[in-house]
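Everything below concerns the one structure shown next.
The values are calculated or read from the model by the stated rules, or taken from the named source; none is laboratory data. On a predicted model such as this, the values are computed, not experimentally measured, just so you know. Every residue, glycine as well, gets a Cβ built from its backbone with ideal geometry; the counts of neighbours run over all protein chains shown.
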């Protein structure tokens, strides 16, 4: 099956180097419409506060602050704000045999 990208590659390959080519606008618009699919917006991750993450980990918030760099699910929002990715925290707990 020939894809729109294959059509464009064939058109480019058929032209001498550094040459200009005229392409029918409707054809090009149709080709681009086929190749450009709408992209769904990415969902923002569910971020937990220190208190929420500490409760899920079963440790006190102070301990979590001190050990935050050790955890792969820590997100440093600013020099004074930490958040924790809920999905990554749950996966991390599962790898250690704990229920998230």
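How many residues are within 21 Å of residue 43 (Cα to Cα) and out of contact with any strand residue (DSSP E or B) (no Cβ under 8 Å at 6 or more places or on another chain) when one looks only at the stretch 56-77? Let's see the steps before the verdict.
Of the stretch 56-77, the ones within 21 Å of residue 43 (Cα to Cα) are 72-77.
With the extra rule that they be out of contact with any strand residue (DSSP E or B) (no Cβ under 8 Å at 6 or more places or on another chain), the set shrinks to 72.
Total satisfying the criteria: 1.
Out of 64, 31, 8, which single residue is touching a helix residue (DSSP H, G or I) at 6+ places or on another chain (Cβ under 9 Å) and either loosely packed, with under 14 Cβ neighbours inside 10 Å or modelled with pLDDT of 95 or more (or both)? Walk me through it before giving the result.
On the way: 31 fails: either loosely packed, with under 14 Cβ neighbours inside 10 Å or modelled with pLDDT of 95 or more (or both); 8 fails: either loosely packed, with under 14 Cβ neighbours inside 10 Å or modelled with pLDDT of 95 or more (or both).
One residue alone meets the criteria, 64.
Evaluation of residue 43 against the conditions (1) under 15 Å from residue 85 (Cα atoms); (2) at pLDDT 95 or above shows that the sole unmet condition is (2).
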